[in-house]
Amino acid sequence: MPHARLQWKTRLFAVIVILSNTLGNFFLARGMRHLAAPVNSPLRMIQAIFTPWVALGVCLLILWLLSRITFLSWADLSYVLPVTSLGYVANALMGHYFLGEHITLTRWGGTLLIVAGTVLVGMSGHHVIAQPGTKLAGE
């Protein structure tokens, strides 16, 4: 695959993974907080899944899982996980600004460490995993 196309595809999938995870978690949390009764039984859990906000969150998290699986089919695990950890930062921001969550200085410090780690990994570039049929280390 040409290098420029792979770079574009990698960035696109990183964005899809981060956004689907962040928005999926946001809608799931929003929906669960607006339920009429607490989820304290399997039946209530099933009912909650079919409420609009929770269902949207679940659908987005399914998209997150499928896009992450696809992303890992060509990109290194050691690249994908740190880069997509920006979703944790986005989740903290969404929780703070849209759900009214109080985030302590310690949590913000941890969030900044995630950003710093992501920048370092991003600067290292990404590598394509071996093509199908190629033996991997340890095989």
Practice task
Report the residue, chosen from Tyr79, Tyr88, Tyr97, that carries the largest GNM mean-square fluctuation when the chain is represented by alpha-carbon nodes joined by springs under 10 Å.
Solution key: Tyr97
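As a check on your grasp of the helix formula, calculate [θ] at 222 nm for the chain: sum -39500 (n - 2.57) over DSSP H runs of n ≥ 4, divide by the residue count, round to the nearest 500.
Details: 6 runs with 100 residues, N = 139.
-24000 deg cm²/dmol, from helical runs alone.
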Handout entry: log₁₀ of I(q)/I(0) at q = 0.17 Å⁻¹ - the chain, Debye sum with one point per alpha carbon
Key = -0.99
Problem - Where labels lie 7 Å past Cα in the beta-carbon direction, separation of Ile49 and Gln7 in nm - result: 4.3 nm
Problem - Amide H partners (placed H, <5 Å) of Ala75, local residues excluded - result: Ile129
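Which helices of the chain meet both criteria: a Cα extent of 18 Å or more along the helical axis and a mean Kyte-Doolittle score no lower than 0.5, with helices taken as whole DSSP H segments? All intermediate terms of the calculation are to be shown ahead of the outcome.
Values: long enough: 3-33 (45 Å, 0.41); 52-72 (30 Å, 1.97); 105-123 (27 Å, 1.42).
Membrane-span-like by this criterion, though nothing is claimed about a membrane: 52-72, 105-123.
Only the coordinates and a few stated rules stand behind these numbers; no lab work does. None of these values were measured; they are calculated from a predicted model. As a convention, Cβ positions derive from the backbone with ideal geometry for all residues, glycine included, and neighbour counts pool all protein chains shown.
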